[in-house]
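Student: Here you go, one structure.
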Protein chains: 2
Amino acid sequence: MSLNKPEPPYYAVIFTSTRTEVDTGYAETAARMLALAQTMPGFLGVESVREETGITVSYWESLEAIRAWRLHPEHLKAQKLGRKEWYENFTTRICVVEKQNSFVR
Amino acid sequence: MSLNKPEPPYYAVIFTSTRTEVDTGYAETAARMLALAQTMPGFLGVESVREETGITVSYWESLEAIRAWRLHPEHLKAQKLGRKEWYENFTTRICVVEKQNSFVR
């Protein structure tokens with residue numbers, strides 16, 4: 001996502017999680033979900049980092065876009081597997097980005 | 001930060017960054033800022049993960065609390081060093097958390 005585009009207001013979904021020790025299918029599904037999200041209308045960008053905790057922030061044009069992504073059949077299937085197998089716990093936060101500032105060296 | 005507390009609405013500051021190769025003083029200052037933030041009025045919690053990109057999300061009761069933290073003299077000094085030495089680029093986004101959902105195994 002380029003640093004100063006888009007201009008606020010837009011939406012962010014902050015997904016923080018801790019994984020179980022079950023790895024079966026996780027990396028493939030995570031990569032597939034990342035690729036699939038980028039094809040959704042209203043998708044603006046995503047940033048994802050994992051150590052013990054993982055933080056993924058995705059950016060969206062509207063609540064409708066977030067809702068359509070949440071309800072995408074393939075994503076619903078992944079969410080179900082996430083609860084069954086891959087995550088010890090997670091929190092999803094839906095936010096309005098009101099202001100931003102960037103620095104580039 | 002416990003998963004379902006506080007209840008929205010509250011504020012999140014999403015800080016995404018890429019580091020330079022300069023390490024001098026970085027880890028100490030990062031740890032100090034984390035400790036100092038927790039002493040600020042209106043601080044609710046923080047989550048921080050770094051690979052190549054770093055994502056730190058801090059949570060706050062109000063815009064006033066965020067502003068007071070941004071202007072804390074020791075934090076201002078750290079921000080200046082960050083721009084001078086430690087960061088290749090960064091973006092700070094100020095957000096209102098409108099909704100959240102948690103899962104615990």
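Student: Out of (1) within 12 Å of another protein chain (Cβ to nearest Cβ); (2) open to solvent by 40 Å² or more (accessible area, probe 1.4 Å), what's the single condition that is false for B:G45?
Tutor: (2)
Student: Could you grab me the full set of residues in region B:17-52 that are closer than 20 Å to B:Q100 by Cβ and of a type outside the set (G, A, S)?
Tutor: B:F43, B:L44, B:V46, B:E47, B:V49
Student: Return the residues of region B:81-95 that are open to solvent by 20 Å² or more (accessible area, probe 1.4 Å) and not aromatic (F, W, Y); say none if nothing qualifies.
Tutor: Selection gives B:L81, B:R83, B:K84, B:E85, B:E88, B:N89, B:T92, B:I94.
Student: Which of the residues that make up region A:3-37 are part of a strand (DSSP E or B) and among the polar types (S, T, N, Q)? It would help to see each step written out before you state the result.
Tutor: To start, the set of residues in region A:3-37 that are part of a strand (DSSP E or B) comprises A:10-19.
Across region A:3-37, the qualifying residues are A:T16, A:S17, A:T18.
Student: Sticking with this structure for a sec: Please find, within region A:83-102, the residue that is nearest to B:E47 (Cα to Cα) out of those that are facing another protein chain (nearest Cβ under 7 Å) and among the aromatic types (F, W, Y).
Tutor: Let us first name the residues in region A:83-102 that are facing another protein chain (nearest Cβ under 7 Å), namely A:83, A:87-102.
So of that shortlist, the ones also among the aromatic types (F, W, Y) come out as A:87, A:90.
Numbers: A:Y87: 17, A:F90: 12 Å.
That would be A:F90.
Student: Working only within region A:50-78, note down all residues that are surrounded by 18 or more Cβ atoms within 10 Å (Cβ to Cβ), within 13 Å of chain B (Cβ to nearest Cβ) and outside any strand (DSSP E or B).
Tutor: A:I66
Student: Show the residue pairs meeting these rules: Cβ distance below 7 Å; 6+ apart or different chains; first residue within region B:52-77 and modelled with pLDDT under 95; second residue open to solvent by 30 Å² or more (accessible area, probe 1.4 Å).
Tutor: Correct list of pairs: B:E52/B:T18; B:T53/A:E47; B:T53/B:T18.
The values are calculated or read from the model by the stated rules, or taken from the named source; none is laboratory data. Just so we're clear, the structure is a prediction, and the values are computed from it rather than from any experiment. Don't worry about glycine lacking a Cβ; one is built from the backbone with ideal geometry, like all the others, and counts go over all protein chains shown. These area figures cover heavy atoms from the full protein model, side chains too; ligands, DNA and RNA do not enter into them. Shrake-Rupley method; radii C 1.70, N 1.55, O 1.52, S 1.80 Å.
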